[in-house]
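One structure is given here, and the rest of the page talks about it.
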Amino acid sequence: MKENLAKVLEVLTLAEKIKFEMRHSWLSNGRQESVAEHTWRMSLMAVLLEPYLEQRVDMARLLKMIIIHDLVEAEAGDVPAFDIVNEETKLLKQQREQQAILNLRDQLRESTGQEIYDLWYEFEEKETYEAKVANALDKLEVQIQHNHADISTWIEIEREFVFLMGRHTSFDKGLEEFRALIEEMAILKMEAAGICTTTVRQSMPAR
């Protein structure tokens with residue numbers, strides 16, 4: 001047991017990096033957001049939104065998936081969606097993250113290694129209800145944070161992302177209604193800054 005617990009401690013030491021691995025998102029006080037902060041609020045969203053989901057959700061599984069999904073970034077680093085400019089960049093990101101989750105599985109082989117590995121891939125494949133919810137919360141939390149941040153921190157493509165959340169929430173009525181509220185906040189923020197959201201919509205390329 002002592003050897004296994006030592007491995008757990010090693011992973012927790014690695015996981016400390018996501019407390020200072022920074023994301024593109026900014027906080028309302030002007031500070032950049034860490035990966036750990038994003039993951040924490042996703043977890044809170046899961047708890048608060050559970051009563052509004054259309055289907056019964058395995059909350060323990062959902063929370064595990066949320067907590068684990070960005071753990072690979074302690075080794076692989078965070079890559080914003082808008083930095084994945086081509087298939088080569090996307091493939092490189094996937095390879096780094098896949099190697100990182102393999103390393104975690106092997107490090108925790110005698111305890112929860114396989115479970116962590118399976119949950120990470122479940123999140124990535126987006127086939128189960130819990131994985132779809134987790135992925136939706138991932139995208140929604142990002143937009144909520146953008147809504148909190150100063151509009152000057154938004155890059156142009158993030159104006160378009162406001163209107164793409166529906167592709168991640170359309171499977172569930174409760175999440176769709178929540179998405180609409182977040183989108184409304186974003187539209188008000190952009191319009192207040194003099195950004196014509198109608199123009200943003202019209203200029204969006206087919207995706």
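Things to note:
- Beta carbons closer than 6 Å, at least 6 apart along the sequence or on distinct chains, pair a first residue in the range 123-147 that is under 17 Å from W40 (Cα atoms) and among the polar types (S, T, N, Q) with a second that is open to solvent by 40 Å² or more (accessible area, probe 1.4 Å) and not in a helix (DSSP H, G or I) for N135/K126.
- In the range 77-86, the condition of being open to solvent by less than 50 Å² (accessible area, probe 1.4 Å), touching a strand residue (DSSP E or B) at 6+ places or on another chain (Cβ under 6 Å) and modelled with pLDDT under 85 is met by at least one residue.
- The lone exception for D118 - which of (1) touching a residue at least 12 places away in the same chain (Cβ under 8 Å); (2) within 19 Å of the chain's Cα centre (by Cα) it fails: (1)
- Residue list for the range 187-207, filter: touching an Asp or Glu at 6+ places or on another chain (Cβ under 9 Å) and not charged (D, E, K, R): T197, V200, S203, M204, P205
- Any hit, the range 102-115, residues being within 27 Å of L27 (Cα to Cα) and either assigned to a helix (DSSP H, G or I) or open to solvent by 20 Å² or more (accessible area, probe 1.4 Å) (or both): no
- In the range 1-25, the qualifying residues are those that are open to solvent by 80 Å² or more (accessible area, probe 1.4 Å) and outside any helix (DSSP H, G or I), and the one that is nearest to A149 (Cα to Cα) is F20.
The values are calculated or read from the model by the stated rules, or taken from the named source; none is laboratory data. Values in this document were obtained by computation on a predicted structure and should not be read as measured data. Please note: Cβ atoms are built from the backbone with ideal geometry, for glycine as well, and neighbour counts cover all protein chains shown. Areas reflect the complete protein model, heavy atoms only, side chains present, ligands, DNA and RNA absent. Shrake-Rupley method; radii C 1.70, N 1.55, O 1.52, S 1.80 Å.
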